[in-house]
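Nothing in this text is a laboratory measurement; each read-out follows from the coordinates by a stated rule. A quick note: this is a predicted structure, and the numbers were derived from the prediction, not measured. Note: ideal-geometry Cβ built from the backbone for every residue, glycine included; neighbour counts use all protein chains shown.
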Amino acid sequence: MIVIRNARILGGEPRDILIANGLISEIGAGLGGDTVIEADGLIALPGLVDLHTHLREPGREDAETVETGTRAAAIGGFTAVHAMANTSPVADTAGVVEQVWRRGQEAGHCDVHPVGAVTSGLEGKHLAELGAMADSQARVRVFSDDGKCVSDAVLMRRALEYVKAFDGVVAQHAQEPRLTEGAQLNEGEVSGRLGLTGWPAVAEEAIIARDCLLAAHVGSRLHVCHVSTAGSVEIIRWAKSKGWNVTAEVTPHHLLLTDSCAEASPVGPYNPIYKVNPPLRTHDDVTALREALADGTIDCVATDHAPHPVEDKETEWAAAAMGMIGLETALSVVQEAMVETGLLDWAGVADRMSTRPARIGRLSGQGLPLEVGSPANITLYDPAVRTPVDPTAMVSRSRNTPYEGLTLPGRVVATFLRGRPTVLDGKLV
Amino acid sequence: MKHLISAGDLSRDEALLILDTAEELARVSGRSIKKLPTLRGRTVVNLFFEDSTRTRISFEAAAKRLSADVINFSAKGSSVSKGESLKDTALTLEAMGADAVVIRHGASGAPHRLANWVRGSVLNAGDGTHEHPTQALLDAFSMRQRLGRLEGLKVAIVGDILHSRVARSNVLLLSTLGAEVTLVAPPTLLPVSVERWPCQVSYDLDAVLPKADVVMMLRVQLERMNAAYFPSAREYSRRYGLDRDRFAKLHDDAIVMHPGPMNRGMEISAEVADSPRSTIVEQVGNGVTVRMAALYLLIGGENQ
């Protein structure tokens, strides 16, 4: 039996949490246990759930593996991640998703829920065997061609309809391909000055609008990945106001950084550490995204943790890979962007980073409230410290964090997965 | 000045210093023996990832007239074409002890990246669709030579602004030096936030010409037509080409410039290009002088 002493559940008054048999067995004062974890000043959150993680295995084990990526997740306070399908081979069959699921079980740092590809090979031509992946041991419920957009309207319609049979959801990477050929950076003042091919907001918004209408037409669930523009927020707000079954996520980096990073930053201009898909947008977009996350228009934060080896980022901008790592810094960035600004309290953070993503992914044992009888998936977080981000201290196999040079608040002190500590004193167990 | 990467990095005083230094050096070019010992023992590397014989020769001549050792490193047929990264190429040059690296690269920002990896000075000889600062300097030099001033000059830059590094550098430099720039192009060939640039914008060449002191025509590449930036070469030429009739609308002292290479008959007609009011040939000569001045000011100091 483990007792966590004086933890502030969702930022409330200090309480003791007793863990037995993987469950929260008692909450109160002066509780005793075999192992005592002092949590003075620490906030207890339900274990975080990420809807959008690239673990890179199979195929790019030089960038990340299920083992190293889930270590990073645990260090970041996550107890469940959804592993995106754009691996090599693509996770488009029951065999591949079961392999990823098993590797997650073996690693044991957090639950790994594979995302299935919508189309075979992410080619956007034929539906992958969605039902087989849903029925597999991996029990896939989230389907996405992330990295690529399901741009064919008919194929998207069919996917949305088909997954209804097993309560699945299509998570769309909204990017109109013709409008983004060769695109490098948000199309605007900065891209114009830097001479980088523009990536217009409308390329995202047009697909989101279309998909919301399709989801309404066929009565399906739609999830929108990494919303990045103020216009996308407006469309999703409108779709929700109609009562349509649309959910959305925003990444930590889109809540904090703007396209101006490409021009002026602590690591120099044109540094592709800031190259990401969708691109960093403008200050106005960041403001709209924060407000939308606060008012629930955007349901959750998802990291889009995208590891890349050094050589894929130490290049000229156009040649660099897109993406940034985010698991280990997600909660700190959310504190900086949402809590310090007064937009969310800790209950709100728990809702957007645990409860809602678990619900969207249809995970039964995750995202549950910290109360007696719930599985003991718990993140203990110290919001009072501020530390400079050190890429070399990351446990991810890759180092491509965009926060180098910044000082961020907070630190995950401990993570518990069904009562078993995966992280203690900020270190892997 | 450590590097010359963006015309926007130059203060008014620095820009004028380059132009004035170029003017002094121009006198040397008039002598029968053109060589100066200023950069003896210094190494200048021309690192060209894109074919550009004109710019490379210009930098080579500039460095050699200052007695520098010149190494030409062309990406074709080298380790670069075998997949060597820009960083590894930079480290190689660093090991050779390059005092200055002149880089031409197809990717915007490549000179900024290079500057992280070499100790010597980096001179941007054109990066993607970003900038070409020595071109802007030689253009400003040519304008001042012909018209005697830059302050208050009305300069029209006409053509594919969206993809033009020459236009970006010229807008930045000329606004620093007090000239008034108007960009003229079809809306498809202008960046979306161009109204925030320090210049005017027009879609109508005929309205701009009568007021212009300088008309700078940019090369328009035919592949832009295939990407639907404009319907046909003929229509482009009719709306935005500088032909005899439009040339006649210019006032008598106005000059015509082109950074080359020209598409005669497309953005500029042959008779306009060859007219005495065209500076196109002297721009080439001025290119060498201005680049000499830049090299001299960057690596000619005592404390190298």
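For region A:146-161, name all the residues that are in contact (Cβ under 8 Å) with a residue 40 or more places away in the chain and part of a helix (DSSP H, G or I). Result: A:Ala153, A:Met156, A:Arg157, A:Ala159, A:Leu160, A:Glu161.
As an exercise: evaluate A:Glu38 against (1) more than 30 Å from A:Ala128 (Cα to Cα); (2) of a type in the set (Asp, Glu); (3) touching a Gly at 6+ places or on another chain (Cβ under 9 Å) and give the number of the one condition it does not meet. Going through the list (1) more than 30 Å from A:Ala128 (Cα to Cα); (2) of a type in the set (Asp, Glu); (3) touching a Gly at 6+ places or on another chain (Cβ under 9 Å), A:Glu38 breaks only (3).
Just so you know, in region A:162-179 the residues that are assigned to a loop (DSSP other than H, G, I, E, B) and of a type outside the set (D, E, K, R) include one that is nearest to the other protein chains (Cβ to nearest Cβ), and it is A:Pro177. Of everything in region A:180-192 that is in a helix (DSSP H, G or I) and in contact with a Gly (Cβ under 8 Å, 6 or more places away or on another chain), the residue that is farthest from the other protein chains (Cβ to nearest Cβ) is A:Ser191. The set of residues from region B:80-121 being in a loop (DSSP other than H, G, I, E, B), touching a Gly at 6+ places or on another chain (Cβ under 9 Å) and polar (S, T, N, Q) comprises just one member, B:Ser108. What do you reckon, is A:Glu404 in contact with a helix residue (DSSP H, G or I) (Cβ under 7 Å, 6 or more places away or on another chain), touching a residue at least 24 places away in the same chain (Cβ under 8 Å) and surrounded by fewer than 18 Cβ atoms within 10 Å (Cβ to Cβ)? The answer is yes for A:Glu404. Within region B:85-116, the set of residues being at positive phi and more than 14 Å from every other protein chain (Cβ to nearest Cβ) comprises just one member, B:Gly97. Of all residues in region A:16-46, those satisfying the criterion of being in a strand (DSSP E or B), in contact (Cβ under 8 Å) with a residue 24 or more places away in the chain and over 19 Å from A:Ser354 (Cα atoms) are A:Ile19, A:Ala20, A:Ser25, A:Glu26, A:Ile27, A:Thr35, A:Val36, A:Ile37, A:Glu38. Consider region A:265-320. How many of its residues are within 16 Å of A:Val224 (Cβ to Cβ) and touching a residue at least 40 places away in the same chain (Cβ under 8 Å)? Summing the residues that are within 16 Å of A:Val224 (Cβ to Cβ) and touching a residue at least 40 places away in the same chain (Cβ under 8 Å) in region A:265-320 gives 16. Annotation note: Cβ proximity below 6 Å between a residue of region B:117-144 that is more than 11 Å from every other protein chain (Cβ to nearest Cβ) and surrounded by fewer than 24 Cβ atoms within 10 Å (Cβ to Cβ) and a residue that is assigned to a loop (DSSP other than H, G, I, E, B) and of a type in the set (S, T, N, Q) (sequence gap 6+ or interchain) occurs for B:Ser142/B:Thr279. Checked against (1) within 20 Å of the chain's Cα centre (by Cα); (2) β-branched (Val, Ile, Thr); (3) not in a helix (DSSP H, G or I), B:Val70 passes all but a single condition, namely (1). Among the residues of region A:131-160, those identified as surrounded by fewer than 18 Cβ atoms within 10 Å (Cβ to Cβ), out of contact with any Leu (no Cβ under 9 Å at 6 or more places or on another chain) and on the phi < 0 side of the Ramachandran plot are A:Gly131, A:Ala132, A:Asp135, A:Gln137, A:Asp152, A:Val154. For B:Ile157, the test of being in contact with a helix residue (DSSP H, G or I) (Cβ under 6 Å, 6 or more places away or on another chain), in a loop (DSSP other than H, G, I, E, B) and either within 14 Å of another protein chain (Cβ to nearest Cβ) or crowded, with 24+ Cβ neighbours inside 10 Å (or both) is failed.
Restricting region A:172-189 to residues that are farther than 17 Å from A:Ala262 by Cα and among the hydrophobic types (A, V, I, L, M, F, W, C), the residue that is surrounded by the fewest Cβ atoms within 10 Å (Cβ to Cβ) is A:Leu179. Applying the condition of being buried (at least 23 other Cβ atoms within 10 Å of the Cβ) and in a loop (DSSP other than H, G, I, E, B) to region A:88-100 and asking which residue is nearest to the chain's Cα centre (by Cα) yields A:Ala91.
Residues checked against (1) closer than 25 Å to B:Asp51 by Cβ; (2) within 20 Å of the chain's Cα centre (by Cα); (3) in contact (Cβ under 8 Å) with a residue 24 or more places away in the chain:
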residue	(1), (2), (3)
B:Arg244	no, no, yes
B:Asp252	no, no, no
B:Pro261	yes, yes, yes
B:Glu267	yes, yes, yes
B:Ala273	yes, yes, no
B:Thr279	yes, yes, yes
B:Arg291	yes, yes, yes
B:Leu295	yes, yes, yes
